[in-house]
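Okay, so here's the structure we're looking at.
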Amino acid sequence: MVPVSEARLPAVAIVAAGVATPLGPDLDSYWSGLVTGVDAISGIERFPVGDLRVGRGGEIKKLAPLRHGAPPRCRASALLLHAADDLLSRAALTADRTRLAVVVGTALGGVEELERAMEEAPGPRVAAAALYDSPAHALAERLAARGPVITVSTACASGATAMGVGADLLNADAADLVVAGGYDVLCRFVMRGFDALRSLTRERVRPFDRRRSGLLLGEAAGLVLLARERDASSRLGRLLGHASSSDGSHIAAPDPEGRGLEHALRGAMAAAGVGARDVDFVSAHGTGTPLNDRIETAVLKRVLGARAYDVPVNSIKAALGHTMGAAATLEAIMCLLAARDRVVPSTLGYEEPDPACDLDYVPRVPRHVRTRVSLSTSLGFGGCNAVLVLEGGG
Amino acid sequence: MTRVRGVGVRTGWGEGVAALPADAVASAHGRRVIALARPALDGDRFRRATRECLLGVVAVEAMLRDAGLTRDVLSGSRTALVYVTAAAYGASNRLFVGADGASPARTEGGLIKEGSGSVRPGGGTLHFPYTAPSAVPAELAIEYSLRGGYVILVGGATAAIDALWQASTLLTSGRAERALVLAVETFAECEDLWARGRWAARGPLVEAAACALLDGAGDLAYGAVEEAAPLETLAARRAGETLACGPLIGLGLAREAGAAEARLTGHWRGRRTTVTLALCESRAPAH
């Protein structure tokens with residue numbers, strides 16, 4: 001076993017959350033969609049997919065007008081601003097704006113604007129929007145944030161890494177409030193890429209199911225407002241600990257042994273000061289690919305021991321697609337809402353058990369169960385792993 | 001205070017800060033981009049790696065020489081890797097956008113089957129993973145068996161300051177014993193796009209890869225500032241526009257001057273931040 005950091009980290013408060021997802025344009029519709037088992041996968045309509053093996057995903061069909069100002073042409077920025085609108089409807093940004101930080105994660109940044117830039121011979125504005133950090137700056141401008149503005153890109157673990165960096169900013173007293181989260185959009189660039197890798201399924205997404213055959217992509221943005229514990233008068237929950245690691249194994253596939261994920265999982269639990277017996281729920285990365293789900297299951301069993309069989313483990317990626325940079329933040333938010341309402345959404349698409357995936361994956365119907373401490377695991381291209389330990393309730 | 005054990009720099013001007021001209025603008029003679037050749041590391045292991053991945057490896061090797069360390073010191077879970085870039089994914093992204101009709105790979109047991117799928121430039125199946133900013137640190141993690149804390153930040157010189165702060169945070173909190181901070185910037189393939197964004201990066205655009213190995217722990221001065229530190233001005237004058245590599249080149253210049261401490265600043269998209277680091281003595285023989 002690899003040596004694991006024993007370092008404890010101070011918990012930070014998660015004051016509120018805001019989202020824009022294919023399940024719904026705000027937190028309430030997102031959560032009700034998850035609990036009632038809505039399937040938001042549909043045929044992609046916004047760009048041509050006729051030449052691809054798979055043309056379905058979790059596409060947001062309509063974006064409502066923003067509360068303030070015109071929507072940006074860059075869709076990635078637009079999704080972030082919609083999530084910010086939702087967040088701001090639930091919490092006020094009370095900090096001095098020089099102490100307000102923005103940390104967002106993305107796998108793709110404004111890459112759709114690069115596609116546009118190459119088609120249209122554009123001016124400087126489109127070229128600038130093609131930079132990965134442009135949407136973060138659009139969000140900072142919307143929030144009038146003048147503290148650190150940081151873009152994280154640990155592929156599909158980005159949303160978790162961003163929340164971890166946000167917590168670090170608070171603990172280092174480099175900010176008083178942090179808006180953290182992740183986003184990504186569906187565009188031809190990413191659909192072509194995953195299609196070529198044959199990672200996309202022509203069937204239903206079935207995380208942990210014996211018949212699982214791949215993932216489908218989705219687009220979304222998810223944001224949380226983080227504050228130091230002593231500064232939060234109310235909270236949705238707490239981020240108890242976080243950790244990241246690299247596989248050092250393969251450019252596109254996870255380490256077959258899951259060593260990097262195990263290291264991150266153990267590190268995050270040590271940082272949070274929680275042991276296996278404290279864990280009530282696991283939100284798995286659960287992409288529905290044959291390799292990922294098997295590796296995650298094996299790692300959870302190694303880290304949690306016998307407790308792994310008693311803890312509900314779910315994946316929400318069949319409901320809204322793999323939303324890449326947004327996924328980890330949306331899943332963290334789901335953990336907190338599950339604790340609040342004492343219900344864990346089911347794993348949509350999971351029907352037939354796989355002997356290699358033998359944990360409790362919350363089949364068919366949501367589970368009414370009290371959860372306090374949750375683990376949220378994320379993996380991404382380039383051997384990126386990130387784990388969050390969350391606690392629900394105020 | 002967090003200490004800098006070693007610094008490695010490779011730029012379009014050559015190896016190390018000693019190769020930097022006194023005045024990058026004058027030395028560019030009107031060239032918009034000062035490019036770096038693809039390093040000659042092409043064995044089977046690196047057959048798919050992009051130029052920027054190989055430049056990252058070259059920078060780490062230079063840092064190890066500077067620190068008088070062997071690569072073994074980096075391996076394992078106690079070395080964190082913090083990668084930063086504003087531009088290095090641009091070439092592979094553009095190539096991928098420009099290519100069309102990649103033939104799909106075959107998979108076996110969930111793993112991509114070697115040799116399957118088309119491999120033509122930009123359209124090859126396995127080109128897609130190299131469009132991610134995580135491709136460069138991934139190749140580095142594989143090469144040096146890095147398995148510790150892992151953060152990738154995207155942005156210009158400000159993001160490099162953020163990366164140094166993040167590395168220091170990992171050290172100070174006990175989550176790592178060493179932290180490798182790496183920046184790579186390439187421009188040649190996207191020269192016309194950067195020309196449209198002159199507001200973001202003034203010429204000459206100088207391709208660079210730079211890294212620093214940090215250890216130690218302690219309070220770190222980090223935050224927003226108005227004025228450029230002398231090292232920022234010096235690095236820009238001598239190296240040219242190197243975006244996220246700028247602060248690390250500044251570290252190299254401070255080290256060359258025999259400074260015990262370096263106050264770094266970096267500017268990007270209207271924001272300037274600062275961080276201060278202690279410098280250990282270089283173990284590399286003087287040139």
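Remarks
- Calculated diffusion of region B:154-268, Stokes-Einstein form, Kirkwood radius summed over Cα pairs, 10 °C and 1.306 mPa s, µm²/s: 108 µm²/s
- Put A:Val311, A:Val15 in order of accessible area, highest first, and with a 1.4 Å probe you get A:Val15, A:Val311.
- Protein heavy-atom accessible area occluded, A/B pair - total, 1.4 Å probe, Å²: 5200 Å²
- Taking 0.36 nm per residue of separation and subtracting the Cα-Cα distance, full extension of the segment from A:Met118 to A:Arg370 would add 85.6 nm.
- Under 16 Å from the Cα of A:Lys61 - aspartates and glutamates, other chains or at least 8 residues apart: A:Asp26, A:Asp39, A:Glu45, A:Asp184, A:Glu219
- Structure remark: mean-square fluctuation, Gaussian network model of chain A, C-alpha springs under 10 Å; the largest value among A:Pro363, A:Pro48, A:Pro312 belongs to A:Pro48.
- Computed from point charges on the beta carbon alone (+1 for Lys and Arg, -1 for Asp and Glu), the dipole magnitude for chain B about its Cα centre is near 260 Debye.
- Using a Gaussian network model of chain A in which every pair of alpha carbons under 10 angstrom is joined by a spring, one finds that among A:Ala11, A:Ala270, A:Ala174 the greatest mean-square fluctuation is at A:Ala174.
- With contacts taken as Cα pairs under 8 Å at a separation of at least 6 residues, chain A carries a relative contact order of 24 percent.
- Net charge dipole size for region A:1-107 [Lys, Arg +1 and Asp, Glu -1 on Cβ; Debye, nearest 20]: 280 debye
- Rounded FRET efficiency, nearest 0.05, which uses the C-beta distance separating A:Ala306 from A:Arg73 and R0 of 51 Å: 0.45
- Applying Stokes-Einstein at 4 °C and 1.567 mPa s to the Kirkwood radius of chain A, computed over alpha-carbon pairs, gives a translational diffusion coefficient of 64 µm² s⁻¹.
- Among A:Ala167, A:Gly248, A:Leu200 - extreme Cα towards positive end, dipole of region A:140-295, charges at beta-carbon: A:Leu200
- Equivalent ellipsoid semi-axes - Cα gyration tensor, region B:3-54, angstrom: 25, 18, 8
- Centre separation in Å (Cα based) which lies between region A:127-146 and region B:70-87: 28 Å
- Rounded accessible area of B:Thr172 (nearest 10 Å², 1.4 Å probe): 70 Å²
- Percent accessible area from carbon and sulfur atoms, region A:16-147, protein chains only, probe 1.4 Å: 52 percent
- Spin-label model, A:Ser29/B:Asp219: points 7 Å from Cα along the beta carbon direction are separated by 5.0 nm.
- The calculated FRET efficiency for B:Val25 paired with B:Ser145, based on their beta-carbon distance and R0 = 35 Å, is about 0.30.
- Tilt relative to chain B, helix B:157-172 - C-alpha long axis, 0 to 90 degrees, to 10: 80 degrees
- Accessible surface for region A:191-296, divided over its residues, is 28 Å² per residue with a 1.4 Å probe.
- Counting only protein heavy atoms and a probe of 1.4 Å, the accessible surface of region A:168-290 is 39% carbon and sulfur.
- Mean-position separation - Cα centroids, region A:184-244 and region B:226-244, in angstrom: 38 Å
- Inter-site label distance for A:Ser233 and B:Arg65 at 7 Å from Cα along Cβ, in nm: 6.1 nm
- Carbon + sulfur, % of accessible area of region A:334-394 - ligands and nucleic acids excluded, 1.4 Å: 51 percent
- Å² of accessible area per residue within region A:302-394, as computed with a 1.4 Å probe and no ligands counted: 29 Å²
- Take region A:1-153 with all the other protein chains still there, run a 1.4 Å probe, and you get 40 Å² of accessible area per residue.
The values are calculated or read from the model by the stated rules, or taken from the named source; none is laboratory data. The shown structure was predicted, so the numbers you read here are calculated from the model rather than taken from an experiment. Glycine gets a Cβ as well: all are built from the backbone with ideal geometry, and neighbour counts include every protein chain shown. With ligands, DNA and RNA removed, areas are computed over all heavy atoms of the protein, side chains included. Shrake-Rupley method; radii C 1.70, N 1.55, O 1.52, S 1.80 Å.
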